[in-house]
1. Which one of these does LEU104 not meet: (1) assigned to a helix (DSSP H, G or I); (2) in contact with a helix residue (DSSP H, G or I) (Cβ under 8 Å, 6 or more places away or on another chain)?
2. Would you be able to say whether some residue in segment 22-38 is at positive phi, outside any helix (DSSP H, G or I) and loosely packed, with under 10 Cβ neighbours inside 10 Å?
3. Test THR113 against the criterion of being loosely packed, with under 10 Cβ neighbours inside 10 Å and either touching a Ser or Thr at 6+ places or on another chain (Cβ under 7 Å) or within 21 Å of ASN31 (Cβ to Cβ) (or both), and give yes or no.
Amino acid sequence: MGRMHSRGKGISSSALPYKRTPPTWLKIAANDVEEMITKAAKKGQMPSQIGVLLRDQHGIPLVKSVTGSKILRILKDKDSKFRLILVESRIHRLARYYKRTKKLPPTWKYESTTASTLVA
């Protein structure tokens, strides 16, 4: 295939790493990386600048290998946070109903940390 904006038919392109797993020497968790990305985005940095920042200052070679998704996808992921809010509000409504009908003790309280251990 020829190039779109030039006459060349070159074959040079960037090479992605063969291994898709994070390096063994990298000790940063995926949640920490996502927090770093959102903080940098709130400062007004573009995704490419965020990648350079993570590579140079924090030693994260490839964000996708650590988090499972690219920087732009992490920044665009507002839907899952919204759905979590909807699910938690549904849980609170049901809890209010079950406390009123005496199927739950009146001292029962929903906590997201205990819920994640019950599901996992």
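1. Exception for LEU104: condition (1).
2. Just the residues of segment 22-38 that are at positive phi, to begin with: none.
No, there is no match, as no residue in segment 22-38 is at positive phi, outside any helix (DSSP H, G or I) and loosely packed, with under 10 Cβ neighbours inside 10 Å.
3. Against the criterion (loosely packed, with under 10 Cβ neighbours inside 10 Å and either touching a Ser or Thr at 6+ places or on another chain (Cβ under 7 Å) or within 21 Å of ASN31 (Cβ to Cβ) (or both)), THR113 qualifies.
Read-outs: derived from the displayed coordinates by stated rules, not from any lab. Computed from a predicted model, the values in this text were never measured in an experiment. Counting neighbours? That spans all protein chains shown, and the Cβs are built from the backbone with ideal geometry, glycine included.
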